[in-house]
């Protein structure tokens, strides 16, 4: 004979569809979180994305968004499961089952479902990472650095999320069991969740809030630093909060009013509008989460074209195939050595030109950190090292004539004068670091030659000044810069050989990155302090790994080699590119699954509406149109808003960098637009699949 | 057997309190078949839900079989719902995953393991209500009338003192309605149950011993059946008409 346990087992079988949806939601959430955290804690990624760097911060920020999305998603899934379960619970309660009688079975079911789905999700997260990453390696780009290493510390995050999922499921179960109004429990499934109808101003205010939040959030740190001479804490990011409030209001407006005027045709789409409105609360939440995830995904996706297009355009625009520079105390290949090396590859070099430069110290204002996160500015005589050319050498090297007055200097910038913040335009004297003689100077302006634009800047001095200040300067403070072209088609093998030959010719005294400043080090040591570059804070580079992204991006004597830079771009930045592609895929998957699940929920909740419409004689095409309009809001609104908001934000960031958009940025933004179109096509395909599935569920032919 | 005294219940809507039951007094005797009628919004279903302890009420008292219900804890209330009350709902409230026989046995399963005696009782209820042939079928595979008769059989499996029925014929055609009413009569005669039924259907109500007319949360009138069923139905209709005319006179 039947027992309570057998009865519950039978009822669970009836709820299979709902349970599968719940399992699926938890499984996907845990899979995504585990995969993301596995990547985030992976030594492969951590090594490539330096601590405190923008890329690492972006990775963490998007993780927080994804985590938020997944938490909302699992909470939603659990709510959905219990809404369907409520009728069963209510009937059993009505027939005299006490809480104590129902609790064991209900908790057993909930714990099994949430626990099993979460554990499966965690377990599947690792193969998912492995497949995706190795898929990237196989089909897109492969490099030594891309060898995937995992740190199982990431399981702490998965475990925390697992606890959230299981605890929330149990709390929801408790909430249902504790309800005293049994009729409410029975009718829970058909309960509408209308939103409070806001005025039509809601959408416009929402857009304004999004814009205001983006501007406030972006400018708040610099305003704070100017006002308080202190570094802001992470809480400063709360200035972005209006963006989320604005997004919520836009979603609310979309669900309640829509964006078309209904004054002319008040009855047009009245059914779909009212259906949407009466499921409003959950729909608005879902739309918001999907929007945030799509925005996060677009942000991660933009990283790739923005980095590659600018780089590709810069490489293409170089006037020479090769450029290298070295200190005079180093024995590096000269013109004849390079010619001989090229001959081994049946190549000849042409247009070889070189000139010497001086490495002088510049004075300026520096930011001094105080205790308690504040700072102040101080003038210092020895601020930074810089490379100085004479005006005639600049002409010999570039063919550009520039007249520099005595006692002045020019800073060499790229043609568009972007990134000039690396250049010191406020120096009042230069110091010869060997003799400590000084030369009073003032800034005269920018000279343009993109090929000489460097993080450790190049400057131009008057020939007489150049001669005067160079007196007594030892070879370790002098250098040579050389350019040359390859006659005919260049060879990658030669370029690689040249690069490795060059690197191996440098001594260990040159084994440091471009942010290691010898002048700053001397100044710090003379003040009795340890230079920060000599501590563990600084990322070190090594001649043993000249092909790593760190070495190629930061070595202070890194040559510019067109064929190498072009061919190795994806390899050099492989981990960066793949990590951001990975993040983008994770966020996009989460957003699409949330939207798909919402569509299925709309189908389940509104089945009776569609049945009634059928009885009232609605044609299949009419019903299909109604289904489509429901799914359209779920897919279209987050896509349009998420993508356009992120595109706007990215453009704003690009513009705010230096007050203009340069050709590389415009090219990058154009490529981003193309990628968004592709992304939209993928979302459209998922939308079509969802509509087909909804029609199947509602038996609409 | 059932005593309801000065029962008050109100709902909260938009921060306002809307009284639905305004001091109801009524009784139901053993084996009595009582109907409650009234216009929509008069509080019929709310009254039934309060008696069932499905929804909490603010004031008044309900006594069933000598036991005051208001101060009982959840477990005791559940026991009463399971053992002393039987329920029949307008939309049947059968469990989709169980077949007809299993649905009938649900209140027994809730009590504990189902004994052989309970199985025999379920079989006899199946035959009493003429649904033996569909005992292995699932709710989705049977007609509305058959579902409701299954629900009536389920309400009787624990031999309750009182069956509470909320619009049991509301979703049924006349033939099925008749079958359900006959089920109630059978239950009363053969199993000794009292029945308290909320209905809009004057035909169904005309089979009852007594009909309570409810209006705006108060008992408007009580009619006792002293004539034949069809004549009683006529009297009921007249009383309902009178109640509506009173509304018209007061301009409501």
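The values are calculated or read from the model by the stated rules, or taken from the named source; none is laboratory data. All of these numbers come straight from a predicted model, not from anything done at the bench. So basically every Cβ, Gly included, is an ideal-geometry build from the backbone, and we count neighbours across all protein chains shown.
Only residues that are at the interface with chain A (Cβ under 10 Å from one of its Cβ atoms) and loosely packed, with under 14 Cβ neighbours inside 10 Å were counted across the range B:113-139, and they come to 3. State whether one or more residues within the range B:19-34 are within 14 Å of another protein chain (Cβ to nearest Cβ) and either surrounded by fewer than 21 Cβ atoms within 10 Å (Cβ to Cβ) or touching a strand residue (DSSP E or B) at 6+ places or on another chain (Cβ under 9 Å) (or both). Scanning the range B:19-34 turns up at least one residue that is within 14 Å of another protein chain (Cβ to nearest Cβ) and either surrounded by fewer than 21 Cβ atoms within 10 Å (Cβ to Cβ) or touching a strand residue (DSSP E or B) at 6+ places or on another chain (Cβ under 9 Å) (or both). Against the condition under 21 Å from residue B:104 (Cβ atoms) and either at the interface with chain B (Cβ under 9 Å from one of its Cβ atoms) or assigned to a helix (DSSP H, G or I) (or both), how does residue A:9 come out, does it pass? Judged against the criteria, residue A:9 is a match. The set of residues from the range A:69-99 being in a loop (DSSP other than H, G, I, E, B) and either touching a residue at least 12 places away in the same chain (Cβ under 8 Å) or buried (at least 22 other Cβ atoms within 10 Å of the Cβ) (or both) comprises A:95, A:96, A:97. For the condition more than 10 Å from chain A (Cβ to nearest Cβ) and surrounded by 15 or more Cβ atoms within 10 Å (Cβ to Cβ), residue B:1 qualifies.
Within the range A:466-483, identify whether any single residue is buried (at least 17 other Cβ atoms within 10 Å of the Cβ), touching a helix residue (DSSP H, G or I) at 6+ places or on another chain (Cβ under 6 Å), under 19 Å from residue A:319 (Cα atoms) and touching a residue at least 24 places away in the same chain (Cβ under 8 Å), and answer yes or no. For the range A:466-483, residues buried (at least 17 other Cβ atoms within 10 Å of the Cβ), touching a helix residue (DSSP H, G or I) at 6+ places or on another chain (Cβ under 6 Å), under 19 Å from residue A:319 (Cα atoms) and touching a residue at least 24 places away in the same chain (Cβ under 8 Å): absent.
Per the conditions (1) farther than 19 Å from residue A:94 by Cα; (2) over 22 Å from the mean Cα position of the chain (by Cα); (3) at pLDDT 85 or above, the sole criterion not satisfied by residue B:125 is (2). Give the residues of the range B:78-110 that are facing chain A (nearest Cβ under 8 Å) and over 17 Å from the mean Cα position of the chain (by Cα), sorted by residue number. Listed by number, the residues that qualify are B:78, B:79, B:95, B:96, B:97, B:98, B:102, B:105, B:106, B:109, B:110. Taking strands (runs of 3 or more DSSP E) as the structural unit, those lying wholly within the range B:1-61 and holding at least 1 residues that are within 15 Å of residue B:221 (Cα to Cα) correspond to B:16-28, B:33-37.
The single condition from (1) surrounded by fewer than 15 Cβ atoms within 10 Å (Cβ to Cβ); (2) more than 14 Å from chain A (Cβ to nearest Cβ); (3) in contact with a strand residue (DSSP E or B) (Cβ under 8 Å, 6 or more places away or on another chain); (4) more than 24 Å from residue B:225 (Cα to Cα) that residue B:67 fails is (3). Of the residues in the range A:18-37, none is under 23 Å from residue A:597 (Cβ atoms), outside any loop (DSSP other than H, G, I, E, B), within 14 Å of another protein chain (Cβ to nearest Cβ) and free of Cβ contacts under 8 Å to residues at least 40 places away in the same chain. The number of residues in the range A:379-407 that are buried (at least 16 other Cβ atoms within 10 Å of the Cβ), outside any strand (DSSP E or B) and in contact with a strand residue (DSSP E or B) (Cβ under 7 Å, 6 or more places away or on another chain) comes to 6. Against the test of being within 14 Å of chain B (Cβ to nearest Cβ) and surrounded by fewer than 22 Cβ atoms within 10 Å (Cβ to Cβ), the options A:150, A:102 yield a single qualifying residue, A:102. Annotation: residue A:174 fulfils all but one of (1) away from chain B (no Cβ under 14 Å); (2) assigned to a helix (DSSP H, G or I); the unmet one is (1). The single condition from (1) at pLDDT 90 or above; (2) surrounded by fewer than 13 Cβ atoms within 10 Å (Cβ to Cβ) that residue A:192 fails is (1).
Tell me yes or no: at least one residue of the range B:154-169 is in contact with a strand residue (DSSP E or B) (Cβ under 8 Å, 6 or more places away or on another chain), more than 10 Å from chain A (Cβ to nearest Cβ) and either in a helix (DSSP H, G or I) or farther than 27 Å from residue B:44 by Cβ (or both). Yes, the range B:154-169 contains a residue that is in contact with a strand residue (DSSP E or B) (Cβ under 8 Å, 6 or more places away or on another chain), more than 10 Å from chain A (Cβ to nearest Cβ) and either in a helix (DSSP H, G or I) or farther than 27 Å from residue B:44 by Cβ (or both). Residues in the range A:609-655 that are touching a residue at least 40 places away in the same chain (Cβ under 8 Å) and over 40 Å from the mean Cα position of the chain (by Cα): A:609, A:610, A:613, A:620, A:623.
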